[in-house]
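Undergrad: Please see the structure below; I have some questions.
The values are calculated or read from the model by the stated rules, or taken from the named source; none is laboratory data. Everything quoted here is computed from the prediction, not taken from an experiment. Note that we place each Cβ from the backbone using ideal geometry, even for glycine, and neighbour counts take in every protein chain shown.
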Amino acid sequence: MRLVWSNFCLVFVLTLVACSKSSNADKLPPMEFEGVKVDTPQLMAEFVTASPQLQQSVNDAVTKIRYRQYLDAMMELDGVLKAPDLKDPQKKLIAQVMDQLKEVFAKAPPRPGQ
């Protein structure tokens, strides 16, 4: 009985240790637009615990990126950058995504009617 119990405890502890390890493989890869990788999944994940207003603005920006409205998305993210309760990692990530969007915008073909 003691052997069975100790094996059960060992398996349980190993399972906990294996599940608690977080790796880069758990993260979603960046999305690609016009051949440029844009960290929209990371951006969304960074703002999960932010205020509802910031979450909404980030979600709106990501939606605009998906619909290839790059300038509108950059303007939305610029508004988020002006939020007073923004943390440094969030600011850096927004700046990174905006740089990526500038590159996407430069490579994007002109939209019809413009």
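Undergrad: Filter the range 50-66 down to residues that are in contact with a helix residue (DSSP H, G or I) (Cβ under 9 Å, 6 or more places away or on another chain) and in a loop (DSSP other than H, G, I, E, B), then give me how many there are.
TA: Total meeting the criteria: 1.
Undergrad: Something else: Working only within the range 72-89, note down all residues that are more than 23 Å from Lys27 (Cβ to Cβ), loosely packed, with under 12 Cβ neighbours inside 10 Å and not charged (D, E, K, R).
TA: Within the range 72-89, Pro84 is the sole residue that qualifies.
Undergrad: How many of the residues making up the range 38-49 are part of a helix (DSSP H, G or I) and of a type in the set (Ser, Thr, Tyr)? Give the steps one after another, and end with the answer.
TA: Step one: filter the range 38-49 for residues part of a helix (DSSP H, G or I), giving 40-46.
Filter once more, so that each one left must be of a type in the set (Ser, Thr, Tyr): 40.
Summing the residues that are part of a helix (DSSP H, G or I) and of a type in the set (Ser, Thr, Tyr) in the range 38-49 gives 1.
Undergrad: Let me ask another. How do the pairs read when you match residues in the range 80-108 that are without any contact (Cβ under 8 Å) to a residue 60 or more places away in the chain and over 14 Å from Gln55 (Cβ atoms) with residues anywhere that are in a helix (DSSP H, G or I) and among the basic types (Lys, Arg), using Cβ under 7 Å and keeping only pairs 6 or more apart or on different chains?
TA: Qualifying pairs under 7 Å: Leu81/Lys91.
Undergrad: Quick test for you: out of Ala25, Ala50, Ala61, pick the one residue that is at pLDDT below 95 and surrounded by 15 or more Cβ atoms within 10 Å (Cβ to Cβ).
TA: On the way: Ala25 fails: surrounded by 15 or more Cβ atoms within 10 Å (Cβ to Cβ); Ala61 fails: at pLDDT below 95.
Answer to the selection: Ala50.
Undergrad: Got a number for residues in the range 77-110 being over 17 Å from Met44 (Cα atoms) and small (Gly, Ala, Ser)? Lay out the reasoning, then the answer.
TA: Within the range 77-110, the first condition is being over 17 Å from Met44 (Cα atoms), and the residues that meet it are 82, 84, 102-110.
Imposing the further condition that a residue be small (Gly, Ala, Ser) reduces the set to 106, 108.
Adding up the residues that qualify gives 2.
Undergrad: Where residues in the range 62-76 are aliphatic (A, V, I, L, M) and in contact (Cβ under 8 Å) with a residue 24 or more places away in the chain, which of them is nearest to Phe33 (Cα to Cα)?
TA: Ile65
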